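This report concerns only the one structure given below.
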Amino acid sequence: MALILYLMRKRMSAKAVYIIDYSCAKPPDETKTGLEAMFFFLKNMGTVCDRDILFQSKVFLKSGIGEEAHVPRPNLTKGRDLLSMADSYSQAQVLVVGAVDTVLKKTGVRPHEVDILVVNCGLFNPTPSLTALLVNHFKMREDVKTFHLAGMGCSAGLISLGLAADLLRAGRRRKARYALVASAEVIQSLYDGKERPMMVTNCLFRSAGNAVLLSGRKEDRERAKMEVAHVVRATSAQRDEAYHVVELREDDEGIVGASLSPQIVQVAGDTLSMNVRSLAPKVLPWTELCKVGWAMLRAALMRRRKSSSPPPPYVPNFKRAFEHFCVHPGGRAVIEGIGKGLRLSEEDLEPSVMALHRFGNTSCSGVFYILAYMEAKGRLRRGDRVWQIGLGSGFKCVTAVLHVLRDLDCRPDNPWYDCVHRYPVKEELSKQAHIVPLIKSVSQLMGVPNFKV
């Protein structure tokens, strides 16, 4: 009977899906944009008043982003005008095609061996689609299954990962072996209107992209880097305040831009809580689950007795389930808010904070730049468990659990390869020697001598 139950459980268990390898695009060095460059380009637009330039500079300095994150030059020179198709395709060539080319070369998989192709991009969705662009560029098979996700926000990378993994698991006798996932955010324009919640995006979003090659075959386990254990999704779009917290809209003057509500940290925390309720039973040890159950029972009894001082909710110790955490690098406030809610230490949040500093808010690709940082630092060892947390408009929270299958180290194709020795960075950007006189001179030039960061 025990043997029969074991075989039935094994037969019914989800099919394993492996990450053979992944790559993160590294835009050209000439697209690195620091504070001085932002000053220059915003001033040159001629449509942004001095006080709004100083406001954006203040946001930049407090955002946690350093001076090496990438913004394509056409975005800075054209202002509110949307990029031409040629400019957008040029970005896509670097971010999407470049990342896919790198991961195929790293793994030795030929383009015609790819069975499933999933591409996501929030704002640039041309016709033909970006999936068609990749099929044409790499001359993939005529029966490759293609999917293009649009408008899914910063959580689209993990949504695509989950979709590809589900497609590989679907069907016991399917022939699909490899699934390729590509994610990128092609920045379309800078906002130069007068609404400050829409100015914030100029200071946060940066250019980036990544590609992931998955396999559903057991024979690929030996060369795979990680196994995709779980992908869990939650949405709070039912609530109006969550639905509108991040949205692309027109201001009163008809200028298009992305608006970020001040409630974003609160909404992100609430949506993450919804996600955790589904994920926790799958990953937490029994001891933690018992503590959660006891806390819920105690709270229910206190409510029944109509107690005036109910006990605080119990926060599980997720460090007993995971060794590493990839928190979406949406901004310093988002990382710190999620870290506080999950009771993570500065060491736990360091990879997320450093990815934000070096590459900025890279939207749907952000969690893989964090993963690359851990790999570059030599922290990912066999048996480690990684929790990736993606947050996006809607509002959505998507989390992925990865199991590391072998010890990983830094390779030349890692985007951190030439700079990881300088990290972690401890000094605040606003306190660096070259920033203080820059702020002082520019504020005096603009007639705001008492400007403070």
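The values are calculated or read from the model by the stated rules, or taken from the named source; none is laboratory data. Just so it is clear, the structure is predicted and the values come from calculations on it, not from any experiment. Ideal geometry is used to build each Cβ from the backbone, glycine not excepted, and the neighbour counts take in all protein chains shown. Side chains are part of the model used for accessible areas, which takes the heavy atoms of the whole protein and leaves out ligands, DNA and RNA. Shrake-Rupley method; radii C 1.70, N 1.55, O 1.52, S 1.80 Å.
Points to keep in mind about this one:
- The range 195-217: number of residues that are surrounded by 15 or more Cβ atoms within 10 Å (Cβ to Cβ), among the charged types (D, E, K, R) and more than 25 Å from A92 (Cβ to Cβ): 2
- Any hit, the range 343-355, residues being crowded, with 22+ Cβ neighbours inside 10 Å, of a type outside the set (D, E, K, R), touching a strand residue (DSSP E or B) at 6+ places or on another chain (Cβ under 9 Å) and not in a helix (DSSP H, G or I): no
- Going through (1) in contact (Cβ under 8 Å) with a residue 24 or more places away in the chain; (2) at positive phi; (3) not basic (K, R) one by one, G254 falls short only on (1).
- Within the range 381-406, the set of residues being small (G, A, S) and modelled with pLDDT of 95 or more comprises G383, G390, A400.
- When G394, G378, G390, G383 are checked against the criterion of being touching a Ser or Thr at 6+ places or on another chain (Cβ under 8 Å) and either surrounded by fewer than 24 Cβ atoms within 10 Å (Cβ to Cβ) or basic (K, R) (or both), G394 stands alone in meeting it.
- Residue under evaluation I338, criteria (1) in contact with a Lys or Arg (Cβ under 7 Å, 6 or more places away or on another chain); (2) closer than 24 Å to V181 by Cβ; (3) surrounded by fewer than 24 Cβ atoms within 10 Å (Cβ to Cβ); (4) hydrophobic (A, V, I, L, M, F, W, C), criterion not met: (1)
- Strands (runs of 3 or more DSSP E) contained entirely in the range 218-280, each with at least 2 residues that are at pLDDT 95 or above, among the aliphatic types (A, V, I, L, M) and crowded, with 18+ Cβ neighbours inside 10 Å: 226-235
- Residue within the range 27-47 that is hydroxyl-bearing (S, T, Y), part of a helix (DSSP H, G or I), under 22 Å from the mean Cα position of the chain (by Cα) and farther than 21 Å from R332 by Cβ present: yes
- T47 of a type in the set (S, T, N, Q) and open to solvent by less than 10 Å² (accessible area, probe 1.4 Å): no
- Check on R177, surrounded by fewer than 16 Cβ atoms within 10 Å (Cβ to Cβ), touching a residue at least 12 places away in the same chain (Cβ under 8 Å) and over 16 Å from G390 (Cα atoms): no
- Selection status of L133, within 22 Å of the chain's Cα centre (by Cα) and surrounded by 16 or more Cβ atoms within 10 Å (Cβ to Cβ): no
- The set of residues in the range 370-410 being touching a strand residue (DSSP E or B) at 6+ places or on another chain (Cβ under 8 Å), part of a helix (DSSP H, G or I) and more than 20 Å from G337 (Cβ to Cβ) consists of L371, A372, M374.
- Every test in (1) under 30 Å from L408 (Cα atoms); (2) under 23 Å from the mean Cα position of the chain (by Cα); (3) not hydroxyl-bearing (S, T, Y) is passed by A16 save one, and that test is (2).
- Subset tally (residues that are farther than 14 Å from R196 by Cα and aliphatic (A, V, I, L, M)) for the range 32-55: 5
- Taking first residues from the range 403-426 that are farther than 21 Å from P27 by Cβ and partners that are polar (S, T, N, Q) and open to solvent by 40 Å² or more (accessible area, probe 1.4 Å), no Cβ contact under 7 Å between residues at least 6 apart in sequence or on separate chains turns up.
- Top-ranked residue of the range 101-115 - restricted to ones that are in a helix (DSSP H, G or I) and touching a Phe, Trp or Tyr at 6+ places or on another chain (Cβ under 7 Å), ranked as surrounded by the most Cβ atoms within 10 Å (Cβ to Cβ): V103
- Among the conditions (1) more than 19 Å from I370 (Cβ to Cβ); (2) surrounded by 17 or more Cβ atoms within 10 Å (Cβ to Cβ), N125 misses just one, which is (2).
- If only residues of the range 1-27 that are open to solvent by 20 Å² or more (accessible area, probe 1.4 Å) and at pLDDT 90 or above are counted, the one that is nearest to D87 (Cα to Cα) is K26.
- Condition check for L134: touching a residue at least 24 places away in the same chain (Cβ under 8 Å) and more than 19 Å from G366 (Cβ to Cβ): yes
- Note on the range 407-428: residues that are in contact with a Leu (Cβ under 9 Å, 6 or more places away or on another chain) and open to solvent by 20 Å² or more (accessible area, probe 1.4 Å) amount to 3.
- Evaluation of L190 against (1) at pLDDT 90 or above; (2) surrounded by 22 or more Cβ atoms within 10 Å (Cβ to Cβ); (3) assigned to a loop (DSSP other than H, G, I, E, B) (one fails), failing number: (1)
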